[in-house]
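Step one of this worksheet: look at the structure below.
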Amino acid sequence: MTHISVKVDGTTYEDDVEPRLLLVHYLRDRLGLTGTPIGCDTSNCGACTVELDGISVKSCSVLAVQADGGEVTTVEGLAQDGELTTLQRAFHEKHALQCGYCTPGMLMAARDLLREHPHPTTDEIRHAIEGNLCRCTGYQNIVRAVQAASEEEVPA
Amino acid sequence: MTDQAVEPEVGRARPRKEDARLITGQTNWTDNISVNGLLHLAILRSPMAHARITRVDVAPALERPGVIAAFSGADLAEGLGSLPCAWPVTEDIVLPDHPPIAVDEVRHAGDPVAVVVARDRYTAADAVEAVEVDYEPLPPVLDLEAALTDDSPLVHSDKGTNRCYVWPLKTGEDFDSVRQRAEVTVKRRYHQQRLIPNAMEPRAVVVTPLASSGEYTLYSSTQIPHIVRVMMAVVTGIPEHKIRVIAPDVGGGFGSKLQVCGEEAIALAVARRIGRPVKWTESRSESYLATHHGRGMIQDIEIAANRDGKLLGLKVDLLADMGAYLMLVTPGIPILGAFMYPAIYKMDSYDFTCTGVFTTRTPTDAYRGAGRPEATYAIERIMDELAVELGLDPVELRRRNWIGHEEFPYTSIAGLTYDSGNYEAATEKALALFDYDKLRAEQADRNHRGDAVRLGIGVSTYTEMCGLAPSRVLRDLRYAAGGWEAASIRMLPTGKVEVVTGTSPHGQGHVTCWSQIAADVLGVPFEDVEVVHGDTRAAPQGMDTYGSRSLVVGGTAVHHAAQKVVDKARKVAAHLLEASENDLEFTNGVFSVKGSPDARKTIQEIAFETFSSHDLPDGMEPTINAEYLIDPDNFSYPHGTHLCAVEVDTETGQSRIRSYVCVDDVGKVVNPMIVEGQVHGGLAQGIAQALYEEAVYDDEGNLVSGTMVDYLVPSAADLPDFVTERTETPATSNPLGVKGVGEAGTIASTPAVVNAIVDALRPLGVEDVRMPCTPERVWRAVREARR
């Protein structure tokens, strides 16, 4: 067991974990933060994408011990005091989700994109989220939503 | 409340009520569920396609710390029946035994062999590796044609054959005589590759037992909680009234969760045995082996016509890969397609035969479109081949054969009565949006110049039967269940409304759409309606969600139930206003007396008056709540025209969709934004079949495309923007005028894309490219043709 200290969505947690424990299982099974789902076992689908120390990572490909001393933001930490982010609102308004399983990862990946490129082209959006798979929407409305959010004054 | 006209809810692009939870992570996926003492299951699966099990020893797993129990198939066999097939399509169909966990023989890679129960998922995953199994290999059965020969090894040796069934449908003139009088015949063989459905949420099951009363709650990532409940009672022997099935948030289905799963039965059996709550969640790679696949057919199709393009007849011989076992509706999937090969065309003769074949692969079953995409692919591909043979433009050939808008209702050669449609209007609109003539000119120019990048144009005009289904038709097709749907409406004392539906959404937006339907009929605000679903205790009656049935059947039930509420409320209002029912008007949720506009009661007031019941009409049952079960009279028949332009690089084999235009007619639309989303997603999956996806097996029966690394689910970068428009020809078979939409995009798009690729390469001598049209396949096709 290894002792770790991780700040997740603003709260600091200290835990003893198996060195092999994946960050996503730490979030889901130990902290009960089930907003971040798991869609595959080969890091292809991106459903589990979270932010770790300012960059988006697939939390199935990070060990919990690697997050020691770090700061994690999940989909559950996006809205503040019930106020949705611009991206969350855009996903709702543009119908960018159907079953919603990929949505947490999509939101985190799109957030990362808009931080790096506040005004991406649709082509840039499509390539930026290509590591996040959606089976419901055909992506068109996700691209629209990200673009709409990028046109707002305070994106992401 | 005012008497001013309120904009109807139906037809509005309402953002969804469902979204708030999903965009904030406040979700309730089955794997999120945790209860005290929850244990985790891991299932050991066969690494071989076909083998006799000679020994299973779970003892080494049991020795590990944290392992509570472990069972072989034999250990669990008592009290665990065969998994059901609800669609035995012929009287003499071969129905093999299907134990949820294999006892003496495994018949596909991924067949369950043992199950381990441990305190957490990591311990369970480790321990399952320790289970020892000895296998005696048996020969795999993989080739559909060879499987039917006398000397083929057998998937089910006790059955003496790999032929599951032969299902014929012959209508109109005899095809042989049509063939003789035809001026042209074209015959082709098409391959429907196996597809893996890939709902983003892998399947998961949680069972919580209440040992003292023998009650079980089964949470499952399923499309069909009601059917699962009935079938689990049959499979496990637990009385039906002691089983509650809950479909919490479900992350996509596409048919893959229209299933009664072995894992559901295993979890129930284990929970019953050990008396503790258990959870099973499949990994993606496990899902590829264990969740049913779709498609998997060889299609021999022959079309007969006159030189002027008039179709005379169609002959279809299908070989359909059942896989190793018959799952819930496995044999029926190709039969759903059987009625769709004649599509939108008039002809004199139709001769269809499907032969179901057992193989040692993962079972097939419903995948988005289920039989109808396969049918549409074959007919739309061969229509293009016939057009070439006749020297006709493919759109013109279709125009000469389709059913005219003035001919509806029209009974097709396959025996379906299409209630409505306007193929001319959809096609004209699509051609204009696509700029068809201009693209044809560019294509000719590129061909003339011998450009390395060719342009191809693909046409697909389709209809489909959906909205399953009239129960009597299902009886005639030997499907075990009915096709009705239930809705009930509860008017709460404060005037708020609960709609209880028997449909079970997993992304379709039923909560939003049913709210729109109920709000219009009841005259209450959209926001005041809540929709309850997916729990056999809270929504006890239903036939669930599949086959683009939810709106057409379930939404119609909501509409009728709401009408019943209004009818009951009218009696109360008449009593309270001391007027005759006939003198009451009901507008925007307000009952008023004709000529005395001040004498009025809102439906919310009536709800409270009924709750208090202090002053109801004599003898009236003190409720205005209502339930309605509907059995539809007919299927619904959406249709449309899809046009695809593809640039094909003849040197690299790379295909790029340059534009995709579709005009679909799904009748009246409840929520245009949701309809558009359904079309987008459907297109993506149909295009994925054309270009990207295939479940590949090696000669030993191993699934080579066994992970998401090897199976190409398209990303945003792999798909184009779509132009999606509609025409609106209301269905006449339901009061809302609606048709199904969930499968339309998938059904139409695959042939549009492949027709475009073949069209691009035809000047080079290419007549077909087998799906998926990968760069390698396209490149090889060009090379072969040049030889």
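The values are calculated or read from the model by the stated rules, or taken from the named source; none is laboratory data. Here the structure is a predicted model, which is why all the values come from computation and not from measurement. Note that we place each Cβ from the backbone using ideal geometry, even for glycine, and neighbour counts take in every protein chain shown.
For the range A:119-132, which residues satisfy the criterion of being surrounded by fewer than 24 Cβ atoms within 10 Å (Cβ to Cβ) and at the interface with chain B (Cβ under 7 Å from one of its Cβ atoms)?
Kept after step one, since they are surrounded by fewer than 24 Cβ atoms within 10 Å (Cβ to Cβ), are these residues of the range A:119-132: A:119-124, A:126-128, A:130-131.
Listed by number, the residues that qualify are A:Arg126, A:His127, A:Glu130.
State whether the residues of the range B:714-725 include one that is in contact (Cβ under 8 Å) with a residue 12 or more places away in the chain and closer than 30 Å to B:Trp484 by Cα. No: zero hits.
Would you mind stating whether B:Glu385 is surrounded by 21 or more Cβ atoms within 10 Å (Cβ to Cβ), touching a residue at least 60 places away in the same chain (Cβ under 8 Å) and part of a helix (DSSP H, G or I)? No: the conditions fail for B:Glu385.
How many residues are small (Gly, Ala, Ser) and in contact with a Ser or Thr (Cβ under 7 Å, 6 or more places away or on another chain) when one looks only at the range B:461-471?
1
With respect to the conditions (1) crowded, with 21+ Cβ neighbours inside 10 Å; (2) in contact with a strand residue (DSSP E or B) (Cβ under 9 Å, 6 or more places away or on another chain); (3) not in a strand (DSSP E or B), B:Gly25 lacks only one, and its number is (2).
Residue under question is A:Val50, and the condition is that it be in contact with a strand residue (DSSP E or B) (Cβ under 8 Å, 6 or more places away or on another chain), within 12 Å of another protein chain (Cβ to nearest Cβ) and buried (at least 19 other Cβ atoms within 10 Å of the Cβ); does it hold? Walk me through how you get there before you give the answer.
Numbers: in contact with a strand residue (DSSP E or B) (Cβ under 8 Å, 6 or more places away or on another chain): yes; within 12 Å of another protein chain (Cβ to nearest Cβ): yes; buried (at least 19 other Cβ atoms within 10 Å of the Cβ): yes.
For A:Val50, the condition - in contact with a strand residue (DSSP E or B) (Cβ under 8 Å, 6 or more places away or on another chain), within 12 Å of another protein chain (Cβ to nearest Cβ) and buried (at least 19 other Cβ atoms within 10 Å of the Cβ) - is met.
Looking only at the range B:703-736, residues that are at the interface with another protein chain (Cβ under 7 Å from one of its Cβ atoms), over 30 Å from B:Gly11 (Cα atoms) and not β-branched (Val, Ile, Thr) come to 3 in all. Could you please give the count of residues in the range B:138-155 that are assigned to a helix (DSSP H, G or I) and surrounded by fewer than 18 Cβ atoms within 10 Å (Cβ to Cβ)? Here the count works out to 2.
Can you list the strands (runs of 3 or more DSSP E) lying wholly within the range B:616-684 that have 1 or more residues being closer than 30 Å to B:Ala539 by Cα and of a type in the set (Val, Ile, Thr)? Steps first, answer last, please.
Working: elements: B:626-630, B:639-649, B:655-665.
Output list reads B:626-630.
When A:Gly32 is tested against the conditions (1) within 12 Å of another protein chain (Cβ to nearest Cβ); (2) in a helix (DSSP H, G or I), the lone failure is (2). Please indicate, with yes or no, whether at least one residue in the range A:17-27 is over 16 Å from the mean Cα position of the chain (by Cα) and either modelled with pLDDT under 95 or part of a strand (DSSP E or B) (or both). Yes, because at least one residue in the range A:17-27 is over 16 Å from the mean Cα position of the chain (by Cα) and either modelled with pLDDT under 95 or part of a strand (DSSP E or B) (or both).
Quick check: is even one residue across the range B:575-582 in contact with a Lys or Arg (Cβ under 7 Å, 6 or more places away or on another chain) and within 25 Å of B:Glu240 (Cα to Cα)? No, the range B:575-582 contains no residue that is in contact with a Lys or Arg (Cβ under 7 Å, 6 or more places away or on another chain) and within 25 Å of B:Glu240 (Cα to Cα).
Within the range B:120-137, the set of residues being surrounded by fewer than 18 Cβ atoms within 10 Å (Cβ to Cβ) and in contact with a His (Cβ under 8 Å, 6 or more places away or on another chain) comprises B:Asp120, B:Pro137. Checked against (1) touching a helix residue (DSSP H, G or I) at 6+ places or on another chain (Cβ under 7 Å); (2) farther than 30 Å from B:Glu183 by Cα, B:Arg490 passes all but condition (1).
Of all residues in the range B:576-609, those being surrounded by 17 or more Cβ atoms within 10 Å (Cβ to Cβ), assigned to a helix (DSSP H, G or I) and more than 41 Å from the chain's Cα centre (by Cα) number 4. Between A:Gly77, A:Gly82, A:Gly100, the distinction of being at pLDDT below 95 and within 10 Å of another protein chain (Cβ to nearest Cβ) belongs to A:Gly82 only.
With out of contact with any Ser or Thr (no Cβ under 8 Å at 6 or more places or on another chain) and buried (at least 22 other Cβ atoms within 10 Å of the Cβ) as the only criterion, which of B:Thr360, B:Thr427, B:Thr376 stands out? Before the answer, list the steps.
Working: B:Thr427 fails: out of contact with any Ser or Thr (no Cβ under 8 Å at 6 or more places or on another chain); B:Thr376 fails: out of contact with any Ser or Thr (no Cβ under 8 Å at 6 or more places or on another chain).
Result: B:Thr360 is the single residue among B:Thr360, B:Thr427, B:Thr376 that is out of contact with any Ser or Thr (no Cβ under 8 Å at 6 or more places or on another chain) and buried (at least 22 other Cβ atoms within 10 Å of the Cβ).
Contact annotation: residue pairs with Cβ atoms under 6 Å, 6 or more positions apart or on different chains, pairing a residue in the range B:519-534 that is more than 26 Å from B:Asn28 (Cβ to Cβ) with a partner that is part of a strand (DSSP E or B), are B:Val524/B:Val497.
A quick yes/no check of all residues on (1) outside any helix (DSSP H, G or I); (2) within 14 Å of chain A (Cβ to nearest Cβ); (3) not charged (D, E, K, R):
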{"position": "B:Leu268", "(1), (2), (3)": "no, no, yes"}
{"position": "B:Glu286", "(1), (2), (3)": "no, yes, no"}
{"position": "B:Arg295", "(1), (2), (3)": "yes, no, no"}
{"position": "B:Ile301", "(1), (2), (3)": "yes, no, yes"}
{"position": "B:Arg307", "(1), (2), (3)": "yes, no, no"}
{"position": "B:Leu318", "(1), (2), (3)": "yes, no, yes"}
{"position": "B:Asp321", "(1), (2), (3)": "yes, no, no"}
{"position": "B:Met327", "(1), (2), (3)": "yes, no, yes"}
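If the condition is being surrounded by 20 or more Cβ atoms within 10 Å (Cβ to Cβ), in contact with a strand residue (DSSP E or B) (Cβ under 6 Å, 6 or more places away or on another chain) and over 24 Å from B:Ala320 (Cβ atoms), then the range B:78-105 contributes only B:Ile101. From the list B:Gly745, B:Gly667, the one residue that fits, being at positive phi, surrounded by 24 or more Cβ atoms within 10 Å (Cβ to Cβ), assigned by TED's automatic domain parsing to the domain that holds B:His405 and modelled with pLDDT of 95 or more, is B:Gly667.
Just one of the listed residues (B:Ala233, B:Ala247, B:Ala265) is over 25 Å from A:Gly46 (Cα atoms), crowded, with 22+ Cβ neighbours inside 10 Å and not assigned by TED's automatic domain parsing to the domain that holds B:Ile298, namely B:Ala265.
Here is a yes/no grid of residues against (1) away from every other protein chain (no Cβ under 14 Å); (2) among the charged types (D, E, K, R):
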site: B:Thr185; (1), (2): yes, no
site: B:Arg188; (1), (2): yes, yes
site: B:Gln193; (1), (2): yes, no
site: B:Asn198; (1), (2): no, no
site: B:Ala204; (1), (2): no, no
site: B:Gly214; (1), (2): yes, no
site: B:Thr222; (1), (2): no, no
site: B:Ile227; (1), (2): yes, no
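For B:Asn32, are the conditions met, namely being at pLDDT 95 or above, within 14 Å of chain A (Cβ to nearest Cβ) and in contact with a helix residue (DSSP H, G or I) (Cβ under 9 Å, 6 or more places away or on another chain)? Break it down stepwise before answering.
Values: at pLDDT 95 or above: yes; within 14 Å of chain A (Cβ to nearest Cβ): yes; in contact with a helix residue (DSSP H, G or I) (Cβ under 9 Å, 6 or more places away or on another chain): yes.
Answer is yes for this residue.
When the range B:610-633 is filtered for residues that are aliphatic (A, V, I, L, M) and either surrounded by fewer than 20 Cβ atoms within 10 Å (Cβ to Cβ) or at positive phi (or both), the ones remaining, listed by number, are B:Leu616, B:Met620, B:Leu629.
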